[in-house]
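Report on one structure; see the data block that follows.
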Amino acid sequence: MNLGDRMSDPRSLRRAFLSACLALCFGCAEAPGTEVVALVGATLIDGTGAPPLVESIVLLEGEHIRAVAKEGAIEIPAGSTVVDLSGRWIVPGLIEANGHVTFDGQIDHAAFFARHHDRAFDIGAENLRTALDQGVTTIRDTHGPTASLFELRDAVDAGTVVGSRLFTSGAILNYESLLDIPSTKQLDEAQVARAREQLDLFIEGEEQGRAVIAKLHGRQADFVKISLSGRLPGAPPPQRLSDEVLTTLLDEAQRRGLRTTTHTMNVTDLQRAVALGFDALEHPAFTLQLGEGAAWPEGLAERIAEAGIFSVPLLVAMEVYITFLEEPERLEDERLAPVPSELLEDARAWLQREGSDPSILASRRARYAVVRDNLRQLIAAGAPIAMGTDRGTRLNYHEHANHVRELEIYVELGMTKLEALRSATLRGAEILGVEDRLGSIEPGKLADLVVLRADPLTDLRALDEVAMVFQNGARVDGGGR
């Protein structure tokens with residue numbers, strides 16, 4: 001895409017405007033130095049699960065949190081920038097534990113990746129910026145074009161892209177190819193081939209598995225994701241990995257200090273993943289195969305909890321299908337104005353086809369009820385849960401801030417609001433192994449925090465009322481809100 005094309009894209013225009021605004025915000029014109037910023041008067045929810053601290057002081061020094069206390073309990077250093085936040089609430093920067101920043105809510109996966117492969121970096125940069133404005137300061141990306149994701153991560157770390165901090169596995173190992181899903185459009189073979197180079201990563205045996213893990217480690221992957229099963233219609237599944245190959249992959253990853261997670265879509269493979277000892281499970285409640293729902297066997301939730309395996313539920317990724325079928329007018333939401341018109345037209349056509357058969361909506365509702373019950377069991381068992389939405393998947397547009405709805409679902413299924421917030425903060429750091437740096441507002445940690453206009457413990461929708469966002473001690477929301 002040339003400069004003219006970028007500037008005609010509504011997302012790029014917005015990004016350019018916000019980047020220009022950053023120079024007007026305190027802490028943004030230069031890299032954070034030793035200046036102290038004192039945030040005073042807000043009610044603090046620190047992310048640890050502790051009760052809120054009313055009329056707090058949070059001191060930010062450079063990139064880090066210097067001190068946290070009750071207002072009046074500590075002295076504000078002379079020369080500090082004091083920000084009066086009376087009547088506001090502060091929470092840690094939110095962590096999205098499963099997202100896809102190079103996805104754009106597209107219906108036609110094959111056409112999207114083939115045609116927009118060369119723009120993956122730009123698409124990801126825009127979506128990272130959108131997430132940051134929503135208070136999501138960190139995203140754990142679990143699948144996408146490998147090289148583009150690593151490039152994006154490094155650009156955010158270097159400060160050349162302003163957006164959510166990115167942790168990524170690159171492409172899923174042994175996952176069915178998104179380029180093989182039937183498309184409604186004529187695809188260029190060369191475009192498909194280029195996209196495959198980053199998206200398709202299949203394993204044929206233990207030796208190759210070790211080599212792939214070694215390569216990912218060499219490229220500084222943040223974790224490894226392996227597919228045990230899938231359910232995408234029309235795509236031929238890859239060869240099923242044996243327990244021996246999976247054990248080799250897990251052992252090699254552990255030897256190299258890489259955490260592991262898995263893609264499972266049925267009860268059998270979920271049980272295999274638990275027995276093999278994965279560190280985390282993506283959408284474990286989605287025990288669906290070929291359109292059928294399956295309730296969990298007795299005791300499975302307790303085994304996951306006892307093993308301390310993290311779960312990332314992603315229920316909103318299933319709920320959006322039902323929501324849009326019930327309310328197709330949601331596609332006209334003004335927040336979706338930046339989404340390319342081609343993708344919205346594809347979505348309208350898909351909803352018209354799906355909506356023409358009432359049995360489709362009934363089936364989706366029935367399967368979703370099973371999934372909700374499975375997650376209810378996990379919550380009741382006390383299993384560690386990190387908030388994730390699968391943002392970027394079909395109809396799951398980045399602009400809709402569906403992480404707020406995801407947290408509401410957790411509360412509907414048994415969490416307290418404080419526990420739900422913890423799933424989106426400290427639990428997100430724990431699943432990545434960076435809880436010493438991120439996930440809560442404590443002295444010594446990186447200063448990622450969000451200022452809200454209303455109390456999220458009264459109504460989680462307050463997370464949609466973002467007043468300020470700080471990342472690494474700098475205010476990054478553009479100001480003026």
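List, in order, the whole-Hz ³J(HN,Hα) value for each residue of segment 189-206 obtained from phi through the Karplus relation with A = 6.51, B = -1.76, C = 1.60 and θ = phi - 60°; use x for Gly and Pro.
4, 5, 5, 4, 4, 5, 5, 4, 4, 9, 9, 9, 9, 9, 10, 10, x, 5
In µm²/s, what is D for segment 365-464 at 4 °C and 1.567 mPa s, where D = kT/(6 pi eta Rh) by Stokes-Einstein and Rh is the Kirkwood radius from Cα pairs?
88
Among S177, S356, what's the order by accessible area (1.4 angstrom probe), most exposed first?
Heavy-atom accessible area, descending, gives S356, S177.
Rounded, prolate or oblate for segment 111-266? Axes are the square roots of the Cα gyration tensor eigenvalues, ordered a ≥ b ≥ c, and the cut-off for rounded is a/c under 1.5.
oblate
If amide hydrogens are placed 1.01 Å from N in the peptide plane, which non-local residues have theirs closer than 5 Å to the one on M468?
Amide H to amide H, under 5 Å and 5 or more residues apart or across chains, M468 pairs with V451.
Give, as a single signed number, the net charge of other residues whose beta carbon lies under 10 Å from the beta carbon of V36, with Lys and Arg counted +1 and Asp and Glu -1.
Every neighbour counted, the sum reads -1.
If you take every DSSP beta bridge fully contained in segment 215-361, what fraction is antiparallel? Give it as a percent rounded to 5.
Around 15 percent of the beta bridges assigned by DSSP in segment 215-361 are antiparallel ones.
For segment 65-222, which whole-number percentage of the solvent-accessible area (1.4 Å probe, protein heavy atoms only) is attributable to carbon and sulfur atoms?
Accessible surface attributable to carbon and sulfur in segment 65-222 totals 46 percent.
Karplus couplings for segment 418-435 from phi (6.51 cos²θ - 1.76 cosθ + 1.60, θ = phi - 60°), rounded to Hz, Gly and Pro as x?
5, 5, 4, 4, 5, 5, 9, 10, 5, 5, x, 6, 5, 5, 8, x, 10, 5
Using modelled backbone amide H atoms (1.01 Å from N, in-plane), which distant-in-sequence or interchain residues come within less than 5 Å of D141's amide H?
Under 5 Å from the amide H of D141: G99, F167, T168, S169.
Before rounding to the nearest 500, sum -39500 (n - 2.57) across all DSSP H runs of length at least 4 in the chain and divide by the residue total; then give [θ] at 222 nm in deg cm²/dmol.
Counting only the DSSP helices, I get -11500 deg cm²/dmol.
In segment 61-100, what GluC sites (Glu not before Pro) fall in a loop by DSSP, with at most 12 other Cβ atoms inside 10 Å?
For GluC sites (Glu not before Pro) across segment 61-100 that sit outside H, G, I, E and B with at most 12 neighbouring Cβ atoms in 10 Å, the list reads E75.
Note down the accessible area of E430, probe 1.4 Å, to the nearest 10 Å².
Here the residue's solvent-accessible area equals roughly 40 Å².
Run the numbers on the chain and let me know its relative contact order in percent, using alpha-carbon pairs under 8 Å that are six or more apart.
That works out to 22 percent.
Compute the accessible area per residue over the chain, keeping the other protein chains in place, probe 1.4 Å, unit Å².
39
Once the other residues with Cβ under 11 Å from the Cβ of A111 are scored (Lys, Arg +1; Asp, Glu -1), what is the net sum?
-2
Compute the semi-axes of the equivalent ellipsoid of the chain, taking the square root of 5 times each eigenvalue of the Cα gyration tensor, and list them largest first in whole Å.
35, 26, 23
With the dipole of segment 341-389 worked out from charges on the C-beta (+1 for Lys and Arg, -1 for Asp and Glu) around the Cα centre, which of G388, A369, S341 lies farthest toward the positive end?
Farthest along the dipole direction, towards plus: A369.
How much space per residue, in cubic angstrom, does the convex hull of the C-alpha atoms of segment 398-450 take up?
In segment 398-450, the Cα convex hull volume per residue is 94 Å³.
For helix 243-255, what angle does its Cα long axis make with the longest principal axis of the chain, in degrees from 0 to 90 and rounded to 10?
On a 0 to 90 degree scale, this one is about 20.
If one computes the Cα centroid of segment 191-223 and of segment 394-437, what distance in Å separates the two points?
Spelled out, the Cα-based centre of one part sits 29 Å from the other.
For segment 134-225, compute Rh as the Kirkwood radius over C-alpha pairs and then the Stokes-Einstein diffusion coefficient at 20 °C and 1.002 mPa s; write the answer in µm²/s, rounded to an integer.
This corresponds to a translational diffusion coefficient of 147 µm²/s.
Out of all DSSP beta bridges in segment 51-156, what portion is antiparallel? Express it as a percent rounded to 5.
60
Accessible area, 1.4 Å probe, largest first: how do D459, D269, D84 sort?
D84, D459, D269
State the extension gain, in nm to one decimal, for the chain segment bounded by E354 and T184, taking 0.36 nm per residue of separation less the distance between their alpha-carbons.
Extending this stretch completely gives an extra 59.7 nm.
For segment 326-481, with all protein chains present and a 1.4 Å probe, just round the carbon and sulfur fraction of the accessible area to a whole percent.
47
Can you compute the equivalent ellipsoid semi-axes for segment 37-123, i.e. the square root of 5 times each eigenvalue of the Cα gyration tensor, sorted largest first and rounded to whole Å?
Equivalent-ellipsoid dimensions as semi-axes: 42, 15, 10 Å.
Plugging the Kirkwood radius over Cα pairs into Stokes-Einstein for segment 420-481, at a temperature of 20 °C and a viscosity of 1.002 mPa s, what D comes out in µm²/s?
For these conditions, the coefficient is 171 µm²/s.
What does the charge dipole of segment 318-401 about its Cα centre add up to, to the nearest 20 debye, if the Cβ of each Lys and Arg holds +1 and the Cβ of each Asp and Glu holds -1?
Its charge dipole is roughly 500 debye.
Could I get the Rg over Rh figure for segment 235-283? Both from C-alpha atoms, Rh via Kirkwood, rounded to two places.
Radius of gyration relative to Kirkwood radius: 0.97.
Under the Karplus relation 6.51 cos²θ - 1.76 cosθ + 1.60, θ = phi - 60°, what is the ordered set of whole-Hz ³J(HN,Hα) values for segment 303-320, x standing for Gly and Pro?
Karplus-based 3J(HN,Hα) across segment 303-320 equals 5, 5, 5, 5, 6, x, 7, 6, 10, 10, x, 6, 5, 5, 5, 8, 5, 4 Hz.
Taking amide hydrogens as modeled 1.01 Å from N in the peptide plane, which residues meet the under 5 Å criterion relative to V161, leaving out close sequence neighbours?
Amide H neighbours of V161: V156.
The values are calculated or read from the model by the stated rules, or taken from the named source; none is laboratory data. The model shown is predicted, which means the values in this text are computed figures rather than measured ones. Every residue, glycine among them, receives a Cβ derived from its backbone with ideal geometry; neighbour counts consider all protein chains shown. Ligands, DNA and RNA are excluded from the accessible area calculation, which covers all protein heavy atoms including side chains. Shrake-Rupley method; radii C 1.70, N 1.55, O 1.52, S 1.80 Å.
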